[in-house]
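The next block holds one structure in the form of structure tokens; read it before the comments.
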Amino acid sequence: MNSTGRMLPQIQHTNKTTYTYNTMIKTHLSNSNTNPQMALEIYVKMKRNGISCDNYTYPFVLKACKMICGLWEGRQVHGEVMKAGFFDSDVFVRNGLIGMYCKCQQMSCSRILFDCFHGKDLVSWNLMLGGYAECRNMVEAQKLFDEMPERDVVSWSIMIDGYGKKLGLVTHARILFDQMHERDSVSWNTMIDSYAKIGNMVAARELFNLMDHKTLISWTIMINGYSQHQNPKEALTLFNLMLSHDIKPDKFCIIGSISACAQLGALDSGRWLHTYIKKTKIPLDVVVNTTLIDMYMKCGGIEEARAVFDSMLERNVITYNVMISGLGINNSGAEALSYFYQMEQGGMELDDLVYVSVLSACSHAGFVSEGVEIFKRIRNPKVEHYGCLIDLLVRKGEFGKVLNFIGSMPMEPNVDLWGSVLLGCRVWKNVGLGEFAVDRLTEIGGDDRGVYVLMSNIYADSGMWDGVAAMRRIVAVKGVVEGGKSVIEVVGGGVEEFVSGKNGGVRGADIEEVVCSLSKIVDLEYEG
């Protein structure tokens, strides 16, 4: 009763409690506070306390099951839905079930629910379409797409994603893209990403340039695409262009840009990015920090890599692997081993990549006994592990052990392994084993032009000129290979690219003049 004496409408306790539980479940599924497991725990508590669920509860709970791919949990909820009587009456509950089964790749269950549902809407069709595309079953997806009574931009984007990104059938995806009457940023980005996935960055860039409204995702796709397909210079150029458009990058965009710096060896650019991350308060999570460590290591900034590692509150196997690998290539083998032993003592799970990195570090440092001992700890060594061990023994000239290990391998030696043997033969002037390695490379189709050039050098070092002539004849038949490429940072920022045998670039004449001057200085010092 209120102050006027009129009776207030009563609110049923059960409905009020149901609303409260629904709100708590929904809160744990929001983008800012996603915790699907907690959402399910609240649902379980709700059931145990005898609180009734309504048609708002089940879509939220099924979304939580979908997010964790919880097929068992989803089936339990399915049973509860049947008992509660919401199965046939509510489209949101039915779509929740269809979406959950699709996410768990139980397409037969999804299809049964879909086919016997007379009240399905466009969301129902798109859920099924997305499920088939996710399972890479584009035959069924195409059939369903052709049967759809109506399609929206989501329907088209799902098909483009399935053909382009999932299967790599970019031509088919492009046909669909060109047929669209209306496109949103998702459809544009999906098509661009399809090109980027297969490394066709020219086509990706053409579409990117045609976009009227480029989103951060659009820029990130392009930057990461260039970085992943050996064009780091263009990745950084595009990143700077993005900043000039006042678009603030997120961590995914930053990671691609840092990786580009690592490929270029552009330490100053990498340092600037690190400062930018701190200044703009981009979260320095384990992924970003690990990428920074990798960049610093590849650019020779060991102290800065250590500083980032020491500042991390969370580290994973990948972080340690990057440290071990980086220290190995920077001739700090003893320190690399110390990090490996830290992992062992800390009970961390050691994967194949960690063993490859630590064995490579031993190889660079010449730690034969340590490398052999670590190799023995690998339960099921792969060919990459044998390759690292062989490389270590070859560097020390222990060819007897090399042949014994190769003979004990449970798999066939690959091109990289025999290449390491041949390279060691050049260092130690071992003609016989070099010829044996070349024969093995020929058998497995790994005898490229470089193999015969290397063997020619081995013959030349031993004064075997007939062998040199024979190798040169083979090289002539093999033809000319593409020239090497190098990139350096230049004063004032930016990078310059150099290709062997080419005299391109706006600074070509200046560089030639500098090289000529340096050559004269060296000659004067030698004469003095």
Here's a check for you: in the range 281-312, which residue that is modelled with pLDDT of 95 or more and β-branched (Val, Ile, Thr) is most open to solvent (accessible area, probe 1.4 Å)? 287
Residue satisfying all of: in the range 15-70; small (Gly, Ala, Ser) and assigned to a helix (DSSP H, G or I); farthest from residue 84 (Cα to Cα) among these: 32
Scan the range 218-233 and report the pairs whose first residue is farther than 23 Å from residue 267 by Cβ and whose second residue is aromatic (Phe, Trp, Tyr) and surrounded by fewer than 20 Cβ atoms within 10 Å (Cβ to Cβ), with Cβ atoms within less than 9 Å and a gap of 6+ or a chain change. 220/252
Tell me, which residue of the range 313-330 that is farther than 19 Å from residue 364 by Cα and of a type in the set (Val, Ile, Thr) is most open to solvent (accessible area, probe 1.4 Å)? 318
Scan the range 321-336 and tell me whether some residue there is at pLDDT 95 or above, polar (S, T, N, Q) and more than 23 Å from residue 420 (Cβ to Cβ). no
Please indicate, with yes or no, whether at least one residue in the range 331-344 is over 20 Å from residue 271 (Cα atoms), part of a loop (DSSP other than H, G, I, E, B) and open to solvent by 20 Å² or more (accessible area, probe 1.4 Å). yes
Looking only at the range 206-248, which residues are assigned to a helix (DSSP H, G or I), out of contact with any helix residue (DSSP H, G or I) (no Cβ under 7 Å at 6 or more places or on another chain) and not hydroxyl-bearing (Ser, Thr, Tyr)? 206, 209, 210, 228, 240, 241, 243
Is it the case that some residue within the range 234-249 is in contact with an Asp or Glu (Cβ under 9 Å, 6 or more places away or on another chain), closer than 26 Å to residue 311 by Cα and either open to solvent by less than 40 Å² (accessible area, probe 1.4 Å) or without any contact (Cβ under 8 Å) to a residue 24 or more places away in the chain (or both)? no
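The values are calculated or read from the model by the stated rules, or taken from the named source; none is laboratory data. The shown structure was predicted, so the numbers you read here are calculated from the model rather than taken from an experiment. Please note: Cβ atoms are built from the backbone with ideal geometry, for glycine as well, and neighbour counts cover all protein chains shown. Accessible surface is based on the protein model in full, side chains and every heavy atom, while ligands, DNA and RNA are left aside. Shrake-Rupley method; radii C 1.70, N 1.55, O 1.52, S 1.80 Å.
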